(Lines give C-alpha, C1' and ligand atoms only; values in the text may rest on other atoms or scores of the structure.)
Protein backbone atom coordinates (compact mmCIF):
# COMPACT_ATOMS: atom_id res chain seq x y z
CA UNK A 1 0.00 0.00 0.00
CA UNK A 2 2.80 2.38 0.91
CA UNK A 3 4.64 1.55 -2.35
CA UNK A 4 1.46 2.37 -4.31
CA UNK A 5 1.11 5.70 -2.52
CA UNK A 6 4.75 6.56 -3.25
CA UNK A 7 4.21 5.68 -6.92
CA UNK A 8 1.16 7.96 -7.12
CA UNK A 9 3.07 10.85 -5.51
CA UNK A 10 6.03 10.30 -7.84
CA UNK A 11 3.76 10.23 -10.91
CA UNK A 12 1.93 13.34 -9.73
CA UNK A 13 5.19 15.23 -9.26
CA UNK A 14 6.45 14.09 -12.66
CA UNK A 15 3.23 15.28 -14.31
CA UNK A 16 3.42 18.60 -12.47
CA UNK A 17 6.99 19.27 -13.61
CA UNK A 18 6.24 18.12 -17.17
CA UNK A 19 3.37 20.60 -17.45
CA UNK A 20 5.19 23.55 -15.93
CA UNK A 21 7.04 26.01 -18.13
CA UNK A 22 10.80 26.01 -18.19
CA UNK A 23 12.34 29.08 -16.61
CA UNK A 24 12.64 31.91 -19.13
CA UNK A 25 15.90 33.65 -19.88
CA UNK A 26 16.21 37.23 -18.76
CA UNK A 27 15.56 38.52 -22.27
CA UNK A 28 13.06 41.30 -22.75
CA UNK A 29 9.95 40.35 -24.74
CA UNK A 30 9.82 41.69 -28.29
CA UNK A 31 6.53 43.42 -27.44
CA UNK A 32 8.54 45.83 -25.29
CA UNK A 33 9.70 48.98 -27.06
CA UNK A 34 13.12 49.14 -28.66
CA UNK A 35 14.11 51.84 -26.20
CA UNK A 36 13.16 49.68 -23.21
CA UNK A 37 15.07 46.71 -24.62
CA UNK A 38 18.17 48.82 -25.17
CA UNK A 39 17.95 50.21 -21.63
CA UNK A 40 18.44 46.64 -20.39
CA UNK A 41 22.02 46.88 -21.70
CA UNK A 42 24.38 48.31 -19.08
CA UNK A 43 25.71 51.84 -19.64
CA UNK A 44 28.93 52.22 -21.60
CA UNK A 45 32.04 51.19 -19.68
CA UNK A 46 35.02 53.16 -21.04
CA UNK A 47 37.45 50.90 -19.16
CA UNK A 48 36.36 48.01 -21.39
CA UNK A 49 36.92 49.76 -24.72
CA UNK A 50 39.36 52.61 -24.09
CA UNK A 51 42.29 50.31 -24.82
CA UNK A 52 40.92 49.53 -28.28
CA UNK A 53 43.45 51.42 -30.41
CA UNK A 54 41.85 50.61 -33.75
CA UNK A 55 38.32 49.70 -34.61
CA UNK A 56 39.38 46.46 -36.26
CA UNK A 57 39.13 44.92 -32.78
CA UNK A 58 35.87 46.70 -31.87
CA UNK A 59 33.30 44.25 -30.49
CA UNK A 60 30.17 46.41 -30.05
CA UNK A 61 27.89 47.53 -32.90
CA UNK A 62 29.70 49.44 -35.63
CA UNK A 63 27.76 51.89 -37.83
CA UNK A 64 28.85 53.46 -41.10
CA UNK A 65 26.80 56.49 -42.11
CA UNK A 66 26.28 56.71 -45.88
CA UNK A 67 24.24 58.68 -48.35
CA UNK A 68 21.98 55.65 -48.93
CA UNK A 69 21.39 54.94 -45.25
CA UNK A 70 23.42 53.47 -42.46
CA UNK A 71 25.36 50.23 -42.55
CA UNK A 72 25.67 47.95 -39.55
CA UNK A 73 29.00 46.14 -39.79
CA UNK A 74 29.14 42.50 -38.77
CA UNK A 75 32.78 42.29 -37.71
CA UNK A 76 32.75 38.49 -37.55
CA UNK A 77 32.41 38.12 -41.32
CA UNK A 78 33.12 41.73 -42.40
CA UNK A 79 29.65 42.12 -43.95
CA UNK A 80 27.66 45.31 -43.96
CA UNK A 81 23.89 45.34 -43.54
CA UNK A 82 22.37 48.49 -45.01
CA UNK A 83 19.44 49.71 -42.93
CA UNK A 84 17.05 52.63 -43.01
CA UNK A 85 18.21 55.17 -40.39
CA UNK A 86 14.65 55.49 -39.09
CA UNK A 87 14.75 51.75 -38.20
CA UNK A 88 18.04 52.02 -36.31
CA UNK A 89 16.55 51.72 -32.82
CA UNK A 90 14.68 48.53 -33.69
CA UNK A 91 17.69 46.97 -35.43
CA UNK A 92 19.99 47.70 -32.47
CA UNK A 93 17.38 46.41 -30.02
CA UNK A 94 17.24 43.10 -31.90
CA UNK A 95 20.95 42.46 -31.35
CA UNK A 96 21.69 39.91 -28.63
CA UNK A 97 23.14 41.13 -25.32
CA UNK A 98 26.43 39.47 -26.30
CA UNK A 99 26.79 42.10 -29.06
CA UNK A 100 27.25 44.77 -26.36
CA UNK A 101 30.32 43.71 -24.29
CA UNK A 102 31.31 47.37 -23.72
CA UNK A 103 27.82 48.44 -22.67
CA UNK A 104 25.65 50.97 -24.57
CA UNK A 105 28.26 52.36 -26.96
CA UNK A 106 28.55 52.09 -30.74
CA UNK A 107 31.38 52.96 -33.09
CA UNK A 108 30.35 55.39 -35.81
CA UNK A 109 32.22 56.35 -38.95
CA UNK A 110 31.07 58.73 -41.62
CA UNK A 111 31.62 58.29 -45.33
CA UNK A 112 33.46 61.60 -45.70
CA UNK A 113 33.25 61.57 -49.51
CA UNK A 114 29.57 62.45 -49.26
CA UNK A 115 29.72 64.74 -46.25
CA UNK A 116 28.29 67.71 -48.22
CA UNK A 117 25.40 65.71 -49.62
CA UNK A 118 21.94 66.55 -48.20
CA UNK A 119 20.96 62.87 -47.95
CA UNK A 120 24.14 62.11 -46.06
CA UNK A 121 23.59 65.01 -43.64
CA UNK A 122 20.00 63.90 -43.07
CA UNK A 123 21.09 60.32 -42.33
CA UNK A 124 23.82 61.54 -39.98
CA UNK A 125 21.30 63.69 -38.12
CA UNK A 126 18.83 60.81 -37.78
CA UNK A 127 21.50 58.36 -36.62
CA UNK A 128 23.13 60.68 -34.09
CA UNK A 129 19.77 61.94 -32.82
CA UNK A 130 18.49 58.38 -32.41
CA UNK A 131 21.60 57.28 -30.54
CA UNK A 132 21.39 60.30 -28.23
CA UNK A 133 17.70 59.67 -27.53
CA UNK A 134 18.49 56.04 -26.69
CA UNK A 135 21.34 57.07 -24.36
CA UNK A 136 23.86 55.20 -26.49
CA UNK A 137 27.35 56.67 -26.41
CA UNK A 138 29.07 57.27 -29.76
CA UNK A 139 32.72 56.40 -30.29
CA UNK A 140 33.90 58.03 -33.51
CA UNK A 141 36.51 56.10 -35.37
CA UNK A 142 38.31 55.40 -38.60
CA UNK A 143 36.92 53.00 -41.21
CA UNK A 144 37.18 49.34 -40.21
CA UNK A 145 40.54 47.82 -41.01
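Pairs linking a residue in the stretch 110-123 that is on the phi > 0 side of the Ramachandran plot and assigned to a helix (DSSP H, G or I) to a residue that is exposed (fewer than 14 other Cβ atoms within 10 Å of the Cβ) and at pLDDT 90 or above, with Cβ atoms under 9 Å and 6 or more positions apart or on different chains, do not occur.
The set of residues from the stretch 69-107 being farther than 23 Å from residue 118 by Cβ and in a loop (DSSP other than H, G, I, E, B) comprises 75, 76, 77, 78, 94, 95, 96, 100, 101, 102, 103. Quick test for you: out of 32, 113, 70, 106, pick the one residue that is at pLDDT 90 or above, out of contact with any helix residue (DSSP H, G or I) (no Cβ under 6 Å at 6 or more places or on another chain) and either buried (at least 19 other Cβ atoms within 10 Å of the Cβ) or over 15 Å from residue 138 (Cα atoms) (or both). Residue meeting the stated conditions: 106. Would you call residue 131 surrounded by 14 or more Cβ atoms within 10 Å (Cβ to Cβ), in contact with a strand residue (DSSP E or B) (Cβ under 6 Å, 6 or more places away or on another chain) and not in a helix (DSSP H, G or I)? When the stated conditions are applied, residue 131 does not pass them. Quick check, is residue 43 under 14 Å from residue 138 (Cβ atoms) and either in contact with a helix residue (DSSP H, G or I) (Cβ under 8 Å, 6 or more places away or on another chain) or loosely packed, with under 14 Cβ neighbours inside 10 Å (or both)? Answer is yes for this residue. Taken together, 7, 14, 22 contain a single residue that is part of a loop (DSSP other than H, G, I, E, B), on the phi < 0 side of the Ramachandran plot and at pLDDT below 90, which is 22.
The values are calculated or read from the model by the stated rules, or taken from the named source; none is laboratory data. Since we're looking at a predicted model, the values are computed, not measured. Because the Cβ atoms are built from the backbone with ideal geometry, glycine has one as well, and the counts that use them run over all protein chains shown.
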